[in-house]
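The values are calculated or read from the model by the stated rules, or taken from the named source; none is laboratory data. Computed from a prediction, not measured in an experiment: that's the story for all the values here. Here the Cβ positions follow ideal geometry from the backbone for every residue, glycine too, while neighbour counts run over all protein chains shown.
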Amino acid sequence: MTTSPDLIDSLVPLAEGTPLHAVRHQRNKVVDATQGSYNALFDPELPGLTLAERLLVACRIAKLAGTEGLLAHYRDRLAALGTLGAAQQAALDGKEPAGDVRLAEILRFTTTLAERPVEGDREAILRLPAAGLDTPSAIALAQLIAFVAFQARVVAGLQAIAALGDAADTKATDTEPAAPFVHPANLPRVGEPLRIKGFTSESLEWKAWLPVLKLEEASPAQLAILEASHPKAKSSDYYLLLAHQPRILEERSTVFNAIMYAPGGMSRAERELASTVVSRINGCVYCGSVHAQRFEQLAKRNDVIAQVFEEPQGAGTTARERAIVQASIELTRSPAGFGPAQIEPLRAAGLSALEMLDLVHAVAIFAWANRLMLNLGEPVFPA
């Protein structure tokens, strides 16, 4: 069990015994693995990247996201290390760290992933080995950047729910009933691939840009986490790449599974819809394909996915779906601008506080997943 308050609880803040604290801790697997991810990524003994480099990266992401409490936390941890060098101080102030090519490349990669993850490409990731980072260090950096993007959205989402107050715990009773599904004549039948504006619901492969772990060279810890992460992890470039950092992968896999598959709360299909929206906004074709397909399998329809692929803004076949889609867009694009005004339509559409939390988590985990998929490799379309 988590010892409360943990970092997220303290940043929101969520006092033990308050209603929203109780709601958050209904998802204790997420709470524990989120804190576990933080502990793994900022372990002073993690080789490759210095703790100062990692904290500078976290400060850069928190500043770009506009999450003041998160920025203050990482600044305080950095200050506790002692006097910074001139290049490190420049980086903290948002300037070019003159004379430190390695740190400059780390922060260039960080800024791209934080602000414009779709602009990550093979050239961007391969500049890291050229600057002296080996593959495990590059994976740690990518996971760190994606994790702090996740943190920023979890904190912002919880603060917005908290600001809504007791109303967040009360389901609206005058919600719009779901109409029977009538398949639009212009869309493929459910199960047949949608292809709209470069996005698709067909099954894709994914190819890494950095060397993946060779199974015959894997440690027992690496093999164990591959077996626990996904049934196909041992043949997946994605998992074989992330397994260069097995402890971080283990915590991240636990967070993902606890968010997407937890019983109760928001329906599985709605979590998949939010994931697809985030992937569409971030430009992640691979994640969009996987989670569009899962929504179709669960909901037995593809109309809202077609809308999301065409234009996310305004997508949704019911008031509830439109509220879910819009909140997913806004939390993805601007965690700093996400507040009770963005949460209120969810409450009005009938979402409980636990369902709102599940939505925040789904959006946040795809801030994490998209940044890995977009910047460590590329989708491979069927021949």
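Summary table below
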item	result
Candidate set from segment 103-137 (those that are over 22 Å from the mean Cα position of the chain (by Cα) and not hydrophobic (A, V, I, L, M, F, W, C)); member that is farthest from residue 55 (Cα to Cα)	123
Residue match in segment 293-312 (condition: surrounded by 22 or more Cβ atoms within 10 Å (Cβ to Cβ), more than 18 Å from residue 360 (Cα to Cα) and of a type in the set (Gly, Ala, Ser))	no
Every residue from segment 181-201 that is within 22 Å of the chain's Cα centre (by Cα) and part of a loop (DSSP other than H, G, I, E, B)	198, 201
Criterion (in contact (Cβ under 8 Å) with a residue 12 or more places away in the chain and closer than 30 Å to residue 140 by Cβ) met by exactly one of 312, 379, 345, 340	379
Subset tally (residues that are among the polar types (S, T, N, Q) and either touching a residue at least 40 places away in the same chain (Cβ under 8 Å) or in a helix (DSSP H, G or I) (or both)) for segment 217-240	3
Condition met for residue 58 (touching a Phe, Trp or Tyr at 6+ places or on another chain (Cβ under 8 Å), within 21 Å of residue 131 (Cβ to Cβ), among the small types (Gly, Ala, Ser) and at pLDDT 95 or above)	yes
Filtered residues of segment 315-337 (kept if closer than 16 Å to residue 267 by Cα, buried (at least 20 other Cβ atoms within 10 Å of the Cβ), touching a residue at least 40 places away in the same chain (Cβ under 8 Å) and not hydrophobic (A, V, I, L, M, F, W, C))	320, 321, 328
Matching entry among 243, 269 (being surrounded by fewer than 24 Cβ atoms within 10 Å (Cβ to Cβ) and touching a residue at least 24 places away in the same chain (Cβ under 8 Å))	269
Flag for residue 348 being at pLDDT 95 or above and closer than 20 Å to residue 37 by Cα	no
Pairs with Cβ under 6 Å, 6+ apart, first in segment 192-216 and free of Cβ contacts under 8 Å to residues at least 12 places away in the same chain and more than 19 Å from residue 374 (Cβ to Cβ), second of a type in the set (D, E, K, R) and surrounded by fewer than 17 Cβ atoms within 10 Å (Cβ to Cβ)	193/202
Residue 126 vs. criteria part of a helix (DSSP H, G or I), farther than 17 Å from residue 377 by Cβ and in contact (Cβ under 8 Å) with a residue 12 or more places away in the chain	no
Subset of segment 219-238 (residues that are surrounded by fewer than 18 Cβ atoms within 10 Å (Cβ to Cβ) and either touching a strand residue (DSSP E or B) at 6+ places or on another chain (Cβ under 8 Å) or closer than 24 Å to residue 125 by Cα (or both))	234, 235
Conditions (1) touching an Asp or Glu at 6+ places or on another chain (Cβ under 6 Å); (2) of a type outside the set (Val, Ile, Thr); (3) over 22 Å from residue 117 (Cα atoms): number failed by residue 299	(1)
Check on residue 278, farther than 20 Å from residue 230 by Cα and touching a residue at least 12 places away in the same chain (Cβ under 8 Å)	yes
